[in-house]
Amino acid sequence: MIERTNAMSSEQLIRIATWSEVPDRTPVGAEVDGVELVIVRVDDVPNVLYGRCQHRGALMSDGTVDGPNIVCGVHGWVYRIDTGGSSYNNAEALERFPATIEDDGLSVSRADIDAFRERHPEPDRTLDYQGRFHAGHAPE
């Protein structure tokens, strides 16, 4: 259930999912203009984080939820769902995007996505799973 959006208009909010279809405590991926996101619903609270693990760039939507954490499905890195903070290194937190629910649509701000892309001007990598991702650590 990935909603891919190439929102080129000047709209303030960008719909990334149908809220009633987002399962509780199960990571769901979304993408806006090349920025991967992961949605984690906790009861009725939407949590939207940057969707690539800071360790090796794996999709966090392929991970699992363990209590208050989302766990990367490739190497097991752990991040807090409510803050994006890494339990290994807070400097490698997943950025959190404020989300809005309206008319069963989950949306994020265009300004937040644009600001993220400006701070992280990496090329579109959606065709690669990990190959060209910058590793936060030297390869093992």
Within the stretch 98-124, which residues are among the aliphatic types (A, V, I, L, M), open to solvent by less than 30 Å² (accessible area, probe 1.4 Å) and in a strand (DSSP E or B)?
106, 108
Condition first: modelled with pLDDT under 95, charged (D, E, K, R), within 26 Å of residue 13 (Cβ to Cβ) and assigned to a loop (DSSP other than H, G, I, E, B). Can you find one or more residues in the stretch 32-52 that meet it?
yes
If we ask which residues in the stretch 72-97 are open to solvent by less than 30 Å² (accessible area, probe 1.4 Å) and part of a strand (DSSP E or B), their number turns out to be 4
So which residues in the stretch 90-140 are modelled with pLDDT under 95 and in contact with a Pro (Cβ under 8 Å, 6 or more places away or on another chain), if there are any at all?
132
Within the set of pairs 6+ apart or on separate chains, which have a first residue in the stretch 104-123 that is closer than 13 Å to residue 33 by Cβ, a second that is open to solvent by less than 70 Å² (accessible area, probe 1.4 Å) and of a type in the set (D, E, K, R), and C-beta atoms under 8 Å apart?
113/33; 116/95; 117/33
Identity of the residue in the stretch 55-71, surrounded by 15 or more Cβ atoms within 10 Å (Cβ to Cβ) and of a type in the set (Val, Ile, Thr), that ends up nearest to the chain's Cα centre (by Cα)
70
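The values are calculated or read from the model by the stated rules, or taken from the named source; none is laboratory data. Just so we're clear, the structure is a prediction, and the values are computed from it rather than from any experiment. FYI the Cβ positions are ideal-geometry reconstructions off the backbone, even for glycines, and counts take in every protein chain you see. Please note that ligands, DNA and RNA were not included when accessible areas were found on the heavy atoms of the full protein model with its side chains. Shrake-Rupley method; radii C 1.70, N 1.55, O 1.52, S 1.80 Å.
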